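The values are calculated or read from the model by the stated rules, or taken from the named source; none is laboratory data. These numbers come from a predicted model, not from an experiment. A quick note on method: Cβ atoms are made from the backbone with ideal geometry, for glycine too, and the neighbour counts reach across all protein chains shown. With ligands, DNA and RNA removed, areas are computed over all heavy atoms of the protein, side chains included. Shrake-Rupley method; radii C 1.70, N 1.55, O 1.52, S 1.80 Å.
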Amino acid sequence: AQKITQTQPGMFVQEKEAVTLDCTYDTSDQSYGLFWYKQPSSGEMIFLIYQGSYDEQNATEGRYSLNFQKARKSANLVISASQLGDSAMYFCAMITPYGGATNKLIFGTGTLLAVQP
Amino acid sequence: DVKVTQSSRYLVKRTGEKVFLECVQDMDHENMFWYRQDPGLGLRLIYFSYDVKMKEKGDIPEGYSVSREKKERFSLILESASTNQTSMYLCATEAGEAGANVLTFGAGSRLTVL
């Protein structure tokens, strides 16, 4: 069965420092996609970044990068130069098989990040 | 800009009431989803729909039903609300084309059942 595990319920980080949010996944499929979403206190879910299982390079989007280690089945989110506005809940998610027209996403339990001034 | 609108941000209902949560999208997306979000449990899929009048059960469909009479509207129905259905409900859409499968979410509906 597919599963996403986020073992950090909450984290603190100092403003301007980098932070890594952990995510491990379990799937027997060879083709899958991994996503990170951000949920601020206002409640909306914001897509941040995705990585396909066949992508050889780690995905990057501005200050966000995804540290994809396929053998370890991990897909950690790295936020560089944290800002106060990064304080939010972060969810890791997986879709498998990846790239089809009728797939559904499964989510982890989330990590609450608090950026301190 | 892509838009998913959930009709109610906050609802308070009594046990046994019938509850309708509405979701409307203006992006012509094929796929629509209802999730519920609870602390410590993340988002869990209730129902989804890949086409008009079509629905599929997600991971926790018990106590819920859905309706999709038009492409742009996907309704979640609680036939007889119970206190354990107090939660945040999130609607999401997805284009349904082969590709990144990125979901677009509504702002959420926080339901309290007393």
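Tabulated data for the structure shown
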item	result
Too-long pairs where the Cα-Cα distance tops 28 Å, listed order kept, from A:K3/B:K71; A:K70/B:K55; B:K3/B:K55; A:K3/A:K38	A:K3/B:K71; A:K70/B:K55
In Å², nearest 10: area of A:V19 left accessible to a 1.4 Å probe	10
Chain A: translational diffusion in µm²/s, Stokes-Einstein, Kirkwood Rh over Cα pairs, 10 °C, 1.306 mPa s	111
Residue-span extension gain [A:D29 to A:S80] - 0.36 nm each, minus C-alpha spacing	15.3 nm
Packing-based ranking, highest mean first, of B:13-19, A:34-40 given that Cβ atoms within 10 Å are counted	A:34-40, B:13-19
Whole-angstrom Cα spans of segment A:38-100 along principal axes, big to small	33, 26, 19
Anisotropy class of segment B:1-107 from Cα gyration tensor, a/c 1.5 cut	prolate
Of A:V13, A:Y25, A:A81, farthest towards positive along the dipole that unit charges on Lys, Arg, Asp, Glu beta carbons give chain A	A:Y25
Label point distance in nm, B:R73-A:K3, each placed 7 Å from Cα along Cα→Cβ	4.1
Reduced Cα scattering model of segment B:55-114, Debye log10 I(q)/I(0), q = 0.17, 0.27 Å⁻¹	-0.71, -1.37
Protection proxy ranking, peptides A:21-33, B:50-62, average beta carbon neighbours within 10 Å, highest first	A:21-33, B:50-62
Cβ-based charge dipole, chain B, positive-most Cα from B:G63, B:S80, B:Y35	B:S80
Shielding of B:53-60 by partner chains, average beta-carbon count, 10 Å	1
Hull volume in cubic angstrom per residue (convex hull over the Cα atoms of segment A:1-59)	122
18 Å Cα-Cα reach of A:K16 towards aspartates and glutamates, excluding residues that sit fewer than 8 places from it in its own chain	A:E61, A:D86
Isotropically averaged projected area of the protein assembly as shown, using the convex hull of Cα atoms (one quarter of hull area), nm²	12.5
